[in-house]
Amino acid sequence: MPHRAGVRFLVARGQHRRRPRKTELERLAAAWRTKWDGRWTFAVAEDSFHHEDGGLALVFAVRPRKVLAFGKGTFAHTRHVFTESH
(Lines give C-alpha, C1' and ligand atoms only; values in the text may rest on other atoms or scores of the structure.)
Protein backbone atom coordinates (compact mmCIF):
# COMPACT_ATOMS: atom_id res chain seq x y z
CA MET A 1 0.00 0.00 0.00
CA PRO A 2 1.48 3.40 -0.95
CA HIS A 3 2.14 5.95 1.79
CA ARG A 4 -0.51 8.67 2.06
CA ALA A 5 0.33 11.77 4.06
CA GLY A 6 -2.21 13.65 6.11
CA VAL A 7 -4.10 13.68 9.36
CA ARG A 8 -6.09 10.50 10.01
CA PHE A 9 -7.53 11.33 13.44
CA LEU A 10 -8.02 14.61 15.27
CA VAL A 11 -8.93 14.95 18.95
CA ALA A 12 -9.92 18.31 20.43
CA ARG A 13 -10.12 18.71 24.21
CA GLY A 14 -11.66 21.75 25.83
CA GLN A 15 -14.87 23.50 26.77
CA HIS A 16 -17.96 22.55 24.76
CA ARG A 17 -21.50 23.85 24.44
CA ARG A 18 -24.56 22.82 22.50
CA ARG A 19 -25.36 24.76 19.31
CA PRO A 20 -29.14 24.96 19.67
CA ARG A 21 -29.76 28.17 17.71
CA LYS A 22 -31.52 27.34 14.48
CA THR A 23 -29.65 30.06 12.52
CA GLU A 24 -26.28 28.57 13.53
CA LEU A 25 -27.44 25.07 12.63
CA GLU A 26 -28.65 26.27 9.20
CA ARG A 27 -25.25 27.87 8.51
CA LEU A 28 -23.43 24.68 9.52
CA ALA A 29 -25.77 22.47 7.50
CA ALA A 30 -25.21 24.57 4.37
CA ALA A 31 -21.42 24.38 4.81
CA TRP A 32 -21.43 20.60 5.30
CA ARG A 33 -23.74 20.00 2.33
CA THR A 34 -21.23 21.86 0.15
CA LYS A 35 -18.25 19.99 1.61
CA TRP A 36 -19.87 16.60 1.11
CA ASP A 37 -21.10 17.27 -2.47
CA GLY A 38 -24.75 17.28 -1.40
CA ARG A 39 -24.53 13.80 0.15
CA TRP A 40 -25.05 15.19 3.66
CA THR A 41 -28.65 14.28 4.41
CA PHE A 42 -29.46 15.83 7.80
CA ALA A 43 -32.18 18.49 8.06
CA VAL A 44 -32.19 21.36 10.57
CA ALA A 45 -34.75 21.15 13.37
CA GLU A 46 -35.24 23.65 16.20
CA ASP A 47 -32.21 22.57 18.25
CA SER A 48 -30.52 19.67 16.43
CA PHE A 49 -30.08 17.89 13.11
CA HIS A 50 -32.44 15.12 12.02
CA HIS A 51 -31.91 12.39 9.45
CA GLU A 52 -34.73 11.42 7.09
CA ASP A 53 -34.60 7.88 8.52
CA GLY A 54 -35.30 9.20 12.02
CA GLY A 55 -31.79 9.74 13.38
CA LEU A 56 -31.00 12.67 15.68
CA ALA A 57 -27.63 14.50 15.77
CA LEU A 58 -26.79 16.93 18.55
CA VAL A 59 -24.31 19.63 17.55
CA PHE A 60 -21.61 21.02 19.85
CA ALA A 61 -18.99 23.76 19.56
CA VAL A 62 -15.61 23.06 21.20
CA ARG A 63 -13.27 25.81 22.37
CA PRO A 64 -10.06 23.78 22.30
CA ARG A 65 -7.45 23.76 25.03
CA LYS A 66 -5.46 20.94 23.47
CA VAL A 67 -5.57 19.39 19.98
CA LEU A 68 -4.00 16.03 19.17
CA ALA A 69 -3.49 14.99 15.53
CA PHE A 70 -2.54 11.48 14.41
CA GLY A 71 -1.49 10.42 10.94
CA LYS A 72 0.35 7.69 9.08
CA GLY A 73 4.01 7.70 8.29
CA THR A 74 7.15 9.29 9.73
CA PHE A 75 6.55 11.90 12.43
CA ALA A 76 2.84 11.27 12.18
CA HIS A 77 1.53 12.75 15.42
CA THR A 78 1.56 16.17 17.01
CA ARG A 79 -0.22 18.26 19.61
CA HIS A 80 -0.94 21.92 20.26
CA VAL A 81 -1.88 23.47 23.59
CA PHE A 82 -3.79 26.74 23.42
CA THR A 83 -3.25 29.60 25.86
CA GLU A 84 -6.15 31.43 27.48
CA SER A 85 -5.84 34.31 24.95
CA HIS A 86 -7.05 32.03 22.12
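The values are calculated or read from the model by the stated rules, or taken from the named source; none is laboratory data. These figures come from a predicted structure and were not determined experimentally. With ideal geometry, Cβ positions are generated from the backbone for all residues, glycine too; neighbour counts draw on all protein chains shown. For the accessible areas, the whole protein counts, side chains as well, though only heavy atoms, and no ligand, DNA or RNA atoms are used. Shrake-Rupley method; radii C 1.70, N 1.55, O 1.52, S 1.80 Å.
Within the range 12-29, residues that are under 29 Å from Thr78 (Cβ atoms) and among the hydrophobic types (A, V, I, L, M, F, W, C) sit with their Cβ atoms under 6 Å from residues that are open to solvent by less than 60 Å² (accessible area, probe 1.4 Å) and not in a helix (DSSP H, G or I), at 6+ positions apart or across chains, in these pairs: Ala12/Pro64; Ala12/Val67.
Checked against the criteria, Glu84 counts as charged (D, E, K, R), assigned to a loop (DSSP other than H, G, I, E, B) and open to solvent by 70 Å² or more (accessible area, probe 1.4 Å). Scanning the range 18-29 for residues that are outside any loop (DSSP other than H, G, I, E, B) and either modelled with pLDDT of 90 or more or surrounded by 10 or more Cβ atoms within 10 Å (Cβ to Cβ) (or both) yields Arg18, Lys22, Glu24, Leu25, Glu26, Arg27, Leu28, Ala29. For the range 40-52, the criterion of a residue being among the acidic types (Asp, Glu), surrounded by 12 or more Cβ atoms within 10 Å (Cβ to Cβ), more than 28 Å from Val81 (Cα to Cα) and touching a strand residue (DSSP E or B) at 6+ places or on another chain (Cβ under 8 Å) is satisfied by at least one position.
Which one of these does Trp32 not meet: (1) modelled with pLDDT under 85; (2) assigned to a helix (DSSP H, G or I); (3) out of contact with any Phe, Trp or Tyr (no Cβ under 7 Å at 6 or more places or on another chain)? Condition (3) is where Trp32 drops out.
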